[in-house]
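Every read-out reported here was derived from the displayed coordinates using simple, explicitly stated rules and does not represent laboratory data. Being a predicted model, the structure only gives us computed values, none of them experimental. Positions of Cβ are backbone-derived with ideal geometry, glycine not excepted, and every protein chain shown enters the neighbour counts.
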Amino acid sequence: MTMKGLSAPNDLTIRFWGVRGSTCTSGPNFVEFGGHTPCVEVRCGERLFVIDAGTGIHAFGAHHGQNLPKRIDLLFSHLHLDHVTGLAFCKPAVLDREREIHTYCGNLDGASAAEALDRLFAPPLFPITLDMIPARFVHHGFRSGETLHFSDGVAVDTLPLRHPQGATGYRFRHAGRTACYISDIEHGEVWPEPDLLHFVRGADLVMFDGMFTEGEYPACRGWGHSTWQKGVDLCRAADVRQLGIVHHYPQHSDALLRDLEQQLQAAMPTAFLARERQEVVLPARARVPEPA
């Protein structure tokens, strides 16, 4: 893992803008890890993807300003409120008439997010509709498990995840590196599940939903979330190099999360609990010359 600010133009780079689950949190006990709900920036070299539009997407937009590309590809894990409510507050994305925001949703049996977002962003729940925003929204539906192919030749693999109403995991490959986003997910009786094990095998980084402690999980069974211990089990079985725990429980303070991170790193030294604005750089692998 390379520290913030040291990435090169062809690296695979991940930056966390929101790492809380269910609802945001704030206050003096929630400063180090942050309180925004899910939003992750993924750059394959200069190619930008954004995963989820929780409240963290506001900070993402404020940071980049008008430096964002005219087309933004936004990949939803699913459409629960903590993953979509920031969409209309990413000002550089929504206030530029020349900008297009392409959304991708895979847990609605092939339907796009258009109908759901139009219900949410409309009176009386919201003062305006998305079509009143200057930027143009283009919504794409697919079925989790399909590979997304983009016009510039980039491909992103997807996987259905165990979560109420479903969710989608994503696998990014670039310059010999691989990163996977696996949230929101609940582990099953058989763990790791064979399809998930195959999906993340050999990845340089897996971002995994570790919302609950093992003590909290039994009371929250069926809610669609997991523990850091199950993330470690998955990464060990799949020969994953780094594990980043995301979707932190909103009542977990900085002190508790630091303690959990110490336990996590005792089990897997290359693992960490994600913090807002943290950047992980996976350096491009040098091309190996083919034999003559």
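The table for this structure:
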| read-out | value |
| --- | --- |
| Shape category assigned to the chain from the gyration tensor of Cα positions, a/c cut at 1.5 | rounded |
| Whole-Hz couplings from phi, Karplus 6.51/-1.76/1.60, listed for region 198-208; x for Gly and Pro | 5, 5, 9, 4, x, 5, 6, 8, 10, 8, 10 |
| Segment residue 213-residue 122, extension gain: residue separation times 0.36 nm, minus the distance between their alpha carbons | 29.1 nm |
| Alpha carbon centroid spacing (whole Å) that separates region 32-73 from region 107-156 | 16 |
| Chain lengthening between residue 150 and residue 23 when straightened (0.36 nm per residue, less Cα-Cα) | 42.5 nm |
| Charge dipole of region 1-143 about the Cα centre (unit charges at C-beta), most positive-ward option of 28, 121, 76 | 28 |
| Sequence-separation-based contact order of region 36-158, relative, with Cα cut under 8 Å and 6+ spacing, percent | 21 |
